[in-house]
Amino acid sequence: MADLLIQFHALPEELLQFLRGIVSDFDTHTVAFRFHPFSASEIDQGDLDRVFSDPSFRRLALTLLPPVLPASSGNQFADQNRDGLFVDIGRLTDKGLTESCLAARTDQDQALKIWKQVARRLKSATMQGAVAVNSQTGATSRLPHHRYTEGAKRSYEQGVPILPVAGTSKLRLGEAMENPS
């Protein structure tokens with residue numbers, strides 16, 4: 001089984017534009033996940049704007065075949081749709097820009113081929129390299145594979161905190177990796 005995982009920071013409008021292209025070019029089905037309470041529903045490409053404007057939607061799944069629904073949890077959806085590509089939507093809040101993620105796990109050749117193409121597109125649209133700084137201790141850690149868009153970098157340069165998915169760290173984007181301090 002092949003895994004694909006890319007953690008990155010992008011402004012929501014950049015991620016929305018990227019996903020519009022993917023959904024259109026690869027003719028995928030799209031499922032939007034709402035949390036607390038959980039719901040998963042298939043949406044049309046035209047619904048992406050609504051999903052991105054509503055912070056209760058935090059994840060999308062792209063499938064090549066019609067998705068198997070209903071699902072009572074994200075894990076159940078993943079079990080029922082083993083070849084999906086999952087996208088966590090990073091949000092811009094008053095606390096900062098949260099992390100996005102693109103992930104898939106599949107042993108289906110056609111899905112893997114397409115998801116690798118999506119990953120290559122994401123990589124070509126982003127830069128890499130960041131330093132995590134623990135907000136409490138000041139300790140740093142290099143993240144040479146972490147990716148970010150031009151918009152995320154601009155926001156960082158304008159003072160917007162860049163937040164990882166969990167923890168007390170903040171990220172510094174685009175700094176020379178040989179000297180993270």
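None of the figures in this text is laboratory data; all of them are computed from the coordinates on show. This is a predicted model, so every value here is computed, not measured. In this analysis, Cβ positions are derived from the backbone assuming ideal geometry, glycine residues included, and neighbour counts consider all displayed protein chains.
Tabulated values for the structure
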{"read-out": "Leading residue at positive end of dipole, the chain (Cβ point charges), from GLN108, GLN136, VAL31", "value": "GLN136"}
{"read-out": "Sequence ranges 70-78, 129-137, ranked by mean other-Cβ count within 10 angstrom, highest first", "value": "129-137, 70-78"}
{"read-out": "Kirkwood Rh, angstrom, the chain [1 / mean 1/r, Cα pairs]", "value": "17.0"}
{"read-out": "Cα shape, segment 127-173, gyration tensor, a/c 1.5 rule", "value": "oblate"}
{"read-out": "Extension reserve of the ASP94-THR140 stretch, reckoned as 0.36 nm per residue once the Cα distance is removed", "value": "14.2 nm"}
{"read-out": "Taking ASP83, ASP109 and counting other C-beta atoms within 10 Å, the order from fewest to most", "value": "ASP109, ASP83"}
{"read-out": "Cross-link reach list, lysines versus LYS116, counting only Cα pairs under 28 Å and skipping chain neighbours closer than eight places", "value": "LYS153"}
{"read-out": "Rounded, prolate or oblate (a/c below 1.5 giving rounded, otherwise prolate when a/b exceeds b/c) for segment 9-100 by Cα gyration tensor", "value": "oblate"}
{"read-out": "Tensor-based shape of segment 1-53 (alpha-carbon gyration tensor, a/c under 1.5 rounded, otherwise prolate or oblate)", "value": "rounded"}
{"read-out": "Highest-fluctuation residue, THR140, THR126, THR28 considered, GNM on the chain with Cα pairs under 10 Å", "value": "THR140"}
{"read-out": "Segment 1-54, dipole about Cα centre (Lys/Arg Cβ +1, Asp/Glu Cβ -1), debye to the nearest 20", "value": "160"}
{"read-out": "The chain, dipole about Cα centre (Lys/Arg Cβ +1, Asp/Glu Cβ -1), debye to the nearest 20", "value": "440"}
{"read-out": "Gain upon complete extension [VAL165, ASP3; 0.36 nm per residue less C-alpha separation]", "value": "56.4 nm"}
{"read-out": "Cα-centred dipole magnitude for segment 102-181, charges only on beta-carbon of K, R (+1) and D, E (-1), debye, nearest 20", "value": "200"}
{"read-out": "Sparse-neighbourhood loop sites, GluC sites (Glu not before Pro) in segment 104-181 - DSSP loop, at most 14 other Cβ within 10 angstrom", "value": "GLU178"}
{"read-out": "Relative contact order (%) - criterion: Cα under 8 Å, at least six apart; region: the chain", "value": "24"}
